[in-house]
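The values are calculated or read from the model by the stated rules, or taken from the named source; none is laboratory data. Keep in mind the model is a prediction, meaning the values are calculated, not measured. In this analysis, Cβ positions are derived from the backbone assuming ideal geometry, glycine residues included, and neighbour counts consider all displayed protein chains.
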Amino acid sequence: MSADFMLDSGALAALQRDRTRLLALVDLAHAEGRTLRTSVVVVTEFLGYSPRALRLAGEYVLSRLSVSPLAEPRARRAAALIHAALDDDGRARPSAIDAIVAAEAEARDAALMFDGDRRDFEALAEASGQLEIEALADLV
Amino acid sequence: MKRRAVASGYTKISATLEAPVVRQIRERTGNVSGFLNEAAKRKLYFDMLRATADELRAAGVQRDERFYQNLKKWIHEVDARQAARRQKARQARSR
């Protein structure tokens, strides 16, 4: 079984700005049968904060993704991940959206590519124990 | 696999499958028609990804090769770790 890709808002914003990387991701996903995924809450964050000039490019990127809805069990799991991340050493402060996309990736065994606060995502991965994460910056 | 038309737009199928295949279908979907619908959706999705790649290339976009290779290496490492975790979980269940 091969892992799908889960993207956070930061990763989407990076792909929105750089179509050479979008093409690389699309090519790999197609070649290996991996779905590009995100969570519905990321849609709000990503489109909501897209600069006006990039909104169309944002819609283009988003339309290539499978968007998961959010139900209460996933929201509760995200809350549990935040609790564990906060309790761990108190330095990470993952947002609700980061935690929801992390919980979604965890539930689907998807690999989460992010371009945000590394400490927050590392704390969420630590809390999960099985969440696979990678900063987009480390892949370029 | 036998196919039999039952109504306009639908085809009924019957198939003899090896037990492990049936078990995998049940584990993944809970029902066979759900599995077939899922397969059709996946095919459409990957057709769309291919069309997107063609469209980007037609617009003159060149793939970031370094990103592609790093992405591929990472996701294969993820697959390997997940497979190891699943095997460990299976072994723990069978004990």
Subject >> Residue list for the stretch A:42-72, filter: surrounded by fewer than 14 Cβ atoms within 10 Å (Cβ to Cβ), within 15 Å of the chain's Cα centre (by Cα) and under 18 Å from A:Asp115 (Cα atoms) >> reply: A:Thr44
**OP:** Provide a single number: the residues in the stretch B:41-79 that are farther than 17 Å from A:Leu28 by Cα and not basic (Lys, Arg).
**Re:** 3
Subject >> Criterion: closer than 26 Å to A:Arg108 by Cβ and at pLDDT below 95 - qualifying residue of B:Ala92, B:Ala53, B:Ala80 >> reply: B:Ala92
Original post:
Can you find even one residue in the stretch B:35-56 that is under 26 Å from A:Arg17 (Cα atoms) and not in a helix (DSSP H, G or I)?
Top reply: no
Subject >> Residues located in the stretch B:29-73, provided they are buried (at least 17 other Cβ atoms within 10 Å of the Cβ) and either more than 7 Å from chain A (Cβ to nearest Cβ) or over 24 Å from A:Tyr60 (Cβ atoms) (or both) >> reply: none
Subject >> the stretch A:86-110, residues that are more than 24 Å from B:Trp74 (Cα to Cα) and in contact with a Lys or Arg (Cβ under 8 Å, 6 or more places away or on another chain) >> reply: A:Leu86, A:Arg91, A:Ala92
Original post:
Which residues, taken from the stretch A:1-53, are away from chain B (no Cβ under 14 Å), within 23 Å of B:Val78 (Cβ to Cβ) and among the charged types (D, E, K, R)?
Top reply: A:Asp8
Subject >> Odd one out for B:Glu38 among (1) among the acidic types (Asp, Glu); (2) at pLDDT 90 or above; (3) within 20 Å of the chain's Cα centre (by Cα) >> reply: (2)
Original post:
Going through the stretch B:55-86 one residue at a time, which ones are within 20 Å of the chain's Cα centre (by Cα) and polar (S, T, N, Q)?
Top reply: B:Gln82
